[in-house]
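Report on the structure given below.
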Amino acid sequence: MQKSFLFITLLAFCAISMVACKDDEDAEYPEIKKTEVQLIENPTFGKILTDEDGRTLYFFSRDSKSSSVCEGACLTAWPIFFSENLTVSQRLNAADFTTITRADGAKQTAYKGYPLYYFNQDVVAGDTKGEKVNDVWFVAKPDYSVFYAKAQLLGADTKSYVANNTLANYIEGQEETFYLTDTYGRTIYTFRNDKNGVNNYGGDAGVWPVFSTDFSKLVVPSILNKADFAEVTKNGNKQLTYKGWPLYYFGGNTIIAGDIQRGDTRGVSVPMPGVWPVANVSTITAPEAPVVSIKITEDETYGKILTDKDGRTLYFFSRDTKGTSVSVDGSTTAWPIFHSENSVVSAGLDAADFTTITRSDGALQTVYKGHPLYYYIQDAQAGGTNGEKVNDVWFVAKPDYSVFYEKGQLIGADTKSYLANYTLANYTEGQAETFYLTDANGRTIYTFRNDKNGINNYGGDAAVWPVFSTDLSKLIVPSILNKADFAEITKNGYKQLTYKGWPLYYFGGNATIAGDTNSGDTRGVSVPSPGVWPVANIETTVAPN
C-alpha cells in the first residue's frame with residue numbers, strides 16, 4: 001500500500017514537471033509567425049524575398065516605370081504576386097511595399113517600385129531558376145545597390161533615342177536599351193569627358209550629382225560583374241564608378257527638369273545626345289587619364305610650385321628674358337633642362353601657358369609663361385628646393401607670381417644699349433646686364449622720375465604709360481624681393497602697385513614709338529630720354545616724399 005502511494009506520487013510529480021517544462025519551452029521559444037513576404041538567406045544570392053511558403057519572388061528589368069509590362073503569355077511564365085493585407089518580415093520595411101493596378105485591372109504588390117512575380121518553373125521553395133532569364137529577370141533582393149533596367153530612352157527634348165554600340169553614340173529611334181539604375185530605379189549616367197577613375201565634370205554639382213553607395217556592401221544583379229565597380233573621391237565626396245566611368249544622377253537645372261520619376265532618362269539629350277550616356281554591360285572601359293607631366297605641388301616654404309610628375313621642383317632663370325634659354329654649355333650640368341613632349345598639366349594650370357622652344361644647342365625645352373623650365377642637380381629628392389635664389393638669378397617656378405625678377409641687357413627704343421647706374425635713374429650707354437622687375441609673363445615694369453612716394457604725377461596719355469596693377473592681397477614675389485616694399489595707390493579710379501613708394505607702369509608706346517611688345521623688351525628706358533622712365537630693382541632707392 002505504501003509502495004503504491006509512492007508510485008502514484010512519483011507519477012504525479014513527473015506529470016507536473018512535464019507540464020512545467022512545456023510551459024517554459026513555450027515562453028522561451030514562442031511560435032514563429034509566418035508573414036506573406038519573408039526575407040530568406042539564399043546560399044547563392046544572399047538575402048532574397050519570398051512568399052510565406054518560401055517561393056522566390058522576382059523583379060522584371062522592363063518594369064522601369066513602377067508599372068508592369070509583363071502581359072499575356074508573359075504572365076503564364078511569370079505569375080503576379082499580390083496580397084491584399086500584406087504582412088512582411090520584421091527585417092523589411094513595410095513602407096517599401098505598395099500596390100499597383102495593372103493595365104489588365106488586376107492588382108499586384110510592388111517592392112521599392114518593382115512589381116513582384118513568381119516563376120512557374122520554380123518547383124519547390126528556395127528554387128531560383130528565374131534568375132537572369134533573358135537577362136531581364138532577377139531574384140528580388142532588398143539590398144541591391146545598383147539595378148539593371150531595360151526601356152526606351154526618352155530625352156528631355158521628348159525624343160526617343162537608341163544607344164549605338166559603345167553607348168556614346170546616340171541616334172533617334174525606337175528600341176529599348178539596358179541601363180544602370182539605383183536601388184529605386186533612378187537612372188545613372190556617365191560623362192563623356194571623364195577618364196578612368198577621374199571625374200572631370202566641373203559644372204554645378206546640383207545638375208549632375210554624383211552617385212554614391214556603400215562600396216563595402218555593394219550588391220548588384222548577377223548580370224553585372226562586381227569587379228567592374230570601384231570608388232573615387234571628388235571634392236571630398238565618394239562616387240561609384242563602373243568600368244572606370246564615374247556615375248551620376250541628372251538633377252536638372254533652372255531650364256530643364258531633371259529625372260523626377262523612376263525610369264526617367266531625360267539626361268541622355270542634355271546638352272546634346274551622347275554627352276551623358278547611360279551605362280550597361282556593353283559600355284566600354286573608360287580611357288585611361290593621361291599621365292600628368294607637370295603639376296602644382298604645395299611647398300611649406302614657397303606655397304604653390306611647379307614640379308614634374310614625380311614631384312621634382314622646376315625652376316625659372318632670371319636671365320632668360322626673351323622666352324629663350326641662355327643657360328648653355330656647362331650650366332646645363334647644374335641646371336638640366338626640363339622637356340615634356342606632350343605636356344599634360346594638373347588642375348589649376350592652363351595648358352595654353354606651356355609651350356616648347358628649340359634651344360640654340362638644338363634641344364627642346366618646355367616653357368611656362370615665357371620662362372624656360374629647369375631642374376637643379378642638387379635637389380636630391382622630390383620636394384627639394386635647394387636652387388631657390390642661387391646667384392640671385394634662379395627661382396622656383398611658381399604659377400602665381402605677381403611680379404618676377406629678370407636680368408638682361410637694357411635696350412631702348414632707340415636701339416641703344418644702356419647701363420643703369422646705382423639708383424637706376426642715371427643711365428649711360430654700355431654693355432652690362434641689369435636686374436629689373438617684370439610682371440608674371442616677363443613684361444617689363446617701369447617707374448617715373450617725376451613721381452613721389454605713393455603719388456602718381458604722370459599726366460600724359462594713360463595708354464602710353466599704363467599703370468601696372470595686381471591683387472595686392474594675393475601678391476606673390478620671388479624671395480629676392482621684400483613684399484613689404486610693395487603697396488597700392490589709386491589714380492583716376494584705378495589701382496596701381498608701387499615699389500619702394502614708386503608707382504609702377506608698363507610702356508605701351510605711342511604713334512611714333514612702338515611699346516614693349518615681347519617679353520624682355522625694355523624699350524621704355526630711352527623714352528623720351530634715358531633715365532626718365534627707369535626700371536626698378538632691389539637697388540632702387542625709396543621714392544622721395
* Asked: Among the residues of region 196-239 satisfying the criterion of being of a type in the set (Val, Ile, Thr) and over 12 Å from the mean Cα position of the chain (by Cα), which is farthest from GLY251 (Cα to Cα)?
  -> ILE223
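Every residue in region 157-212 that is part of a strand (DSSP E or B), of a type in the set (A, V, I, L, M, F, W, C) and surrounded by 15 or more Cβ atoms within 10 Å (Cβ to Cβ), please.
Of region 157-212, the ones part of a strand (DSSP E or B) are 160-164, 169-172, 176-182, 187, 189, 195, 198, 210.
Of the ones still in play, those that are also of a type in the set (A, V, I, L, M, F, W, C) are 162-163, 171, 178, 180, 198, 210.
Hits for region 157-212 are VAL162, ALA163, PHE178, LEU180, VAL198, VAL210.
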* Asked: Any idea which residue in region 300-330 is surrounded by the fewest Cβ atoms within 10 Å (Cβ to Cβ), counting only those that are of a type in the set (Gly, Ala, Ser) and at negative phi?
  -> GLY330
* Does any residue of region 224-247 turn out to be surrounded by fewer than 15 Cβ atoms within 10 Å (Cβ to Cβ) and of a type in the set (Ser, Thr, Tyr)? -> yes
* To do: Go through the residues of region 91-111 one by one and say whether even a single one is free of Cβ contacts under 8 Å to residues at least 60 places away in the same chain, of a type outside the set (Ser, Thr, Tyr), touching a helix residue (DSSP H, G or I) at 6+ places or on another chain (Cβ under 8 Å) and closer than 23 Å to PRO43 by Cβ.
  => no
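Each row is one residue, and each column tells you yes or no for (1) under 22 Å from GLU539 (Cβ atoms); (2) of a type in the set (S, T, N, Q).
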residue: TYR418; (1), (2): yes, no
residue: GLU433; (1), (2): yes, no
residue: ASN453; (1), (2): yes, yes
residue: ALA462; (1), (2): no, no
residue: LEU481; (1), (2): yes, no
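Looking at the structure I just gave you, is THR355 surrounded by 14 or more Cβ atoms within 10 Å (Cβ to Cβ), polar (S, T, N, Q) and part of a loop (DSSP other than H, G, I, E, B)?
It is false that THR355 is surrounded by 14 or more Cβ atoms within 10 Å (Cβ to Cβ), polar (S, T, N, Q) and part of a loop (DSSP other than H, G, I, E, B).
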* To do: Return the total of residues in region 233-256 being closer than 25 Å to ASN169 by Cβ, out of contact with any Pro (no Cβ under 6 Å at 6 or more places or on another chain) and in a strand (DSSP E or B).
  => 7
* Return a yes/no flag: does region 426-434 have any residue that is under 43 Å from the mean Cα position of the chain (by Cα) and farther than 18 Å from VAL527 by Cα. => no
* Of the criteria (1) assigned to a strand (DSSP E or B); (2) more than 35 Å from the chain's Cα centre (by Cα); (3) surrounded by 19 or more Cβ atoms within 10 Å (Cβ to Cβ); (4) not small (Gly, Ala, Ser), which one TRP465 fails -> (1)
* **Yes/no for ALA347 being in a loop (DSSP other than H, G, I, E, B) and either closer than 19 Å to PRO399 by Cα or under 29 Å from the mean Cα position of the chain (by Cα) (or both)** => yes
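Taking the criterion of being outside any loop (DSSP other than H, G, I, E, B), hydroxyl-bearing (Ser, Thr, Tyr) and touching a helix residue (DSSP H, G or I) at 6+ places or on another chain (Cβ under 9 Å), would at least one residue in region 268-290 satisfy it?
Looking for residues that are outside any loop (DSSP other than H, G, I, E, B), hydroxyl-bearing (Ser, Thr, Tyr) and touching a helix residue (DSSP H, G or I) at 6+ places or on another chain (Cβ under 9 Å), one finds none in region 268-290, hence no.
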* To do: Tell me which of these PRO277 doesn't satisfy, since it passes every other one: (1) surrounded by 18 or more Cβ atoms within 10 Å (Cβ to Cβ); (2) over 12 Å from ILE188 (Cβ atoms).
  => (2)
* Of all residues in region 326-357 being out of contact with any Pro (no Cβ under 9 Å at 6 or more places or on another chain) and among the aromatic types (Phe, Trp, Tyr), the one that is nearest to THR385 (Cα to Cα) -> TRP335
* Sort out which residues of region 67-89 are within 46 Å of the chain's Cα centre (by Cα), farther than 16 Å from LEU39 by Cα and touching a residue at least 24 places away in the same chain (Cβ under 8 Å), and write them in order of number. => SER67, SER68, CYS70, GLU71, TRP78, ILE80, PHE82
* **Matching residues in region 213-246 - criterion: being among the β-branched types (Val, Ile, Thr) and either touching a residue at least 40 places away in the same chain (Cβ under 8 Å) or closer than 18 Å to THR181 by Cβ (or both)** => THR213, VAL219, VAL220, ILE223, THR241
* To do: Please indicate, with yes or no, whether at least one residue in region 472-482 is among the small types (Gly, Ala, Ser), surrounded by 14 or more Cβ atoms within 10 Å (Cβ to Cβ), modelled with pLDDT of 95 or more and over 16 Å from TYR405 (Cα atoms).
  => no
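The values are calculated or read from the model by the stated rules, or taken from the named source; none is laboratory data. Every value quoted in this text rests on a predicted model; they were computed, and no experiment measured them. Here Cβ is always computed from backbone atoms with ideal geometry, including for glycine, and neighbour counts include all displayed protein chains.
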